[in-house]
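The values are calculated or read from the model by the stated rules, or taken from the named source; none is laboratory data. This structure is a prediction, so every number in the text was calculated from the model and none was measured. Cβ atoms come from the backbone with ideal geometry, glycine included; neighbour counts cover every protein chain shown. Only protein heavy atoms, including side chains, enter the accessible area calculation; ligands, DNA and RNA are left aside. Shrake-Rupley method; radii C 1.70, N 1.55, O 1.52, S 1.80 Å.
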Amino acid sequence: MRLAVITGWILLIVEASIVAWLFLVRNMGDDAAGRGMARGFAMLLGPIVLLAAALFVWGQRGGPRAAFWVGFGIMTIPLVLIVINMTRGTLRSVNLAAGKAQFGKFDDGKLTRLARAIEKDDTAAVRALVVEGGLDFEARSRRGRTILGRAIEHAKGSYAPPSAVEVVRMLMAAGAKPITNAIEPEAYQGDLDAHLLVAYVFGGNSANTIPLLDLLLSAGADPNTRNYEGQPLYFSTYSSLPKLEVLAKHGADFTAPDTTRSDRDGRTAAMFAAELGEYEQALFFLDHGVSPKPVAPDGTSLKTIVAAKMEQDPGNEKLLELKRRIEGAAK
């Protein structure tokens, strides 16, 4: 009982201090939703802490024993929640670490060592294992990656060094093929293009994206790969002029319209880019075989899109160039 009393007072002091701090702290957030958040939490928690304190003290000073334990129980709820969240966080971290380890875990111990060297950016160890030979480039890890797929997955990461691309080059020079499903799809996978190798790399935004894309296409990967929805890669918000230039370098066809979405059925790549305000990309598409003349089933054309954009930004030089190109094609 004495231990419960001491513990209860400690909890009460801590929780009362938190509520007081929430009342006094500068309100959080810069927007309407955030302003007043701290005080709102204090107004919600304050009565609960007061109720718990009243029951806790009453139970000590002649009140029913049940009042003491109810008050004590209310005060322990935050502590229990903290412990549960910490436990869940620890288990989640363990599960994620275990899952990640399976990405490069092969039945062949040599491939596993190679995968670990790739993950550690140990180029010297990778080179030594590749030179040693005897690698099965068709084997899959426990999570469905070929060794090349694992190397590409690593090289695409935001913090991977340029040497990670050289590792991919090294593996392909040794005989690894950039097959489409070098990374097999998984039911939980957030990146739905991950099992379409070129689409997966095209969607990257790291410094390695462009050289990695160029490397794969140079090795024979299809520059006309479509994403998991069946759209050409240039119908995507993660498209960029440097990526498009790499596709063009390897003979990509930019003339296919989008037929996968009802809200832009029949629109060309130039229409899509202009609608997004990517006027330089729209000009790029016109330079690479896309006609400015097509009209989508809903009546949308490059001309109507540019006209609407001109009302918003009449002095934009790229827009003016698009307008001139459309007018020139109409003659």
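Against the definition (acidic (Asp, Glu), surrounded by 15 or more Cβ atoms within 10 Å (Cβ to Cβ) and within 25 Å of Asp193 (Cα to Cα)), how does Glu229 come out, yes or no? Reasoning before the result, please.
On the way: acidic (Asp, Glu): yes; surrounded by 15 or more Cβ atoms within 10 Å (Cβ to Cβ): no; within 25 Å of Asp193 (Cα to Cα): yes.
No; evaluated as a whole, the condition is false for this residue.
Restricting to the range 293-311, give me the number of residues that are out of contact with any Asp or Glu (no Cβ under 9 Å at 6 or more places or on another chain), in contact (Cβ under 8 Å) with a residue 24 or more places away in the chain and in a loop (DSSP other than H, G, I, E, B).
Residues meeting the conditions: 2.
When you scan the range 277-293, how many residues do you find that are open to solvent by less than 50 Å² (accessible area, probe 1.4 Å) and either touching a strand residue (DSSP E or B) at 6+ places or on another chain (Cβ under 6 Å) or of a type in the set (D, E, K, R) (or both)?
Of the residues in the range 277-293, 0 are open to solvent by less than 50 Å² (accessible area, probe 1.4 Å) and either touching a strand residue (DSSP E or B) at 6+ places or on another chain (Cβ under 6 Å) or of a type in the set (D, E, K, R) (or both).
Considering every residue within the range 203-220, establish whether at least one is more than 21 Å from Tyr159 (Cβ to Cβ), assigned to a loop (DSSP other than H, G, I, E, B) and of a type outside the set (A, V, I, L, M). Don't jump to the end; show me each part of the working.
The initial filter retains those residues of the range 203-220 that are more than 21 Å from Tyr159 (Cβ to Cβ), namely 217-220.
Still in the list and also assigned to a loop (DSSP other than H, G, I, E, B): 219-220.
Those still in the list that are of a type outside the set (A, V, I, L, M) too: 220.
Looking for residues that are more than 21 Å from Tyr159 (Cβ to Cβ), assigned to a loop (DSSP other than H, G, I, E, B) and of a type outside the set (A, V, I, L, M), one finds at least one in the range 203-220, hence yes.
How many residues does the range 156-170 contain that are open to solvent by 20 Å² or more (accessible area, probe 1.4 Å) and either in a helix (DSSP H, G or I) or basic (Lys, Arg) (or both)?
Of the residues in that region, 5 qualify.
Restricting to the range 312-331, and then to whatever is over 14 Å from Glu275 (Cβ atoms) and either outside any helix (DSSP H, G or I) or among the β-branched types (Val, Ile, Thr) (or both), can you tell me which residue is least open to solvent (accessible area, probe 1.4 Å)?
Of everything passing the filter in the range 312-331, Ile326 is least open to solvent (accessible area, probe 1.4 Å).
Suppose the filter is at pLDDT 95 or above, within 23 Å of the chain's Cα centre (by Cα) and over 19 Å from Ser218 (Cβ atoms); does Ile118 pass it?
On the way: at pLDDT 95 or above: yes; within 23 Å of the chain's Cα centre (by Cα): yes; over 19 Å from Ser218 (Cβ atoms): yes.
Against the criterion (at pLDDT 95 or above, within 23 Å of the chain's Cα centre (by Cα) and over 19 Å from Ser218 (Cβ atoms)), Ile118 qualifies.
How many residues are out of contact with any Ser or Thr (no Cβ under 8 Å at 6 or more places or on another chain), open to solvent by 10 Å² or more (accessible area, probe 1.4 Å) and in contact (Cβ under 8 Å) with a residue 40 or more places away in the chain if we restrict to the range 114-132?
Residues flagged as out of contact with any Ser or Thr (no Cβ under 8 Å at 6 or more places or on another chain), open to solvent by 10 Å² or more (accessible area, probe 1.4 Å) and in contact (Cβ under 8 Å) with a residue 40 or more places away in the chain within the range 114-132 amount to 2.
Report whether or not Val57 is in a helix (DSSP H, G or I), at pLDDT 80 or above and closer than 30 Å to Val19 by Cα. Reasoning before the result, please.
Numbers: in a helix (DSSP H, G or I): yes; at pLDDT 80 or above: yes; closer than 30 Å to Val19 by Cα: yes.
So Val57 fits the description; yes.
Here are some conditions: (1) closer than 27 Å to Ile179 by Cβ; (2) open to solvent by less than 20 Å² (accessible area, probe 1.4 Å). Ala296 meets all but one. Which one does it not meet?
(1)
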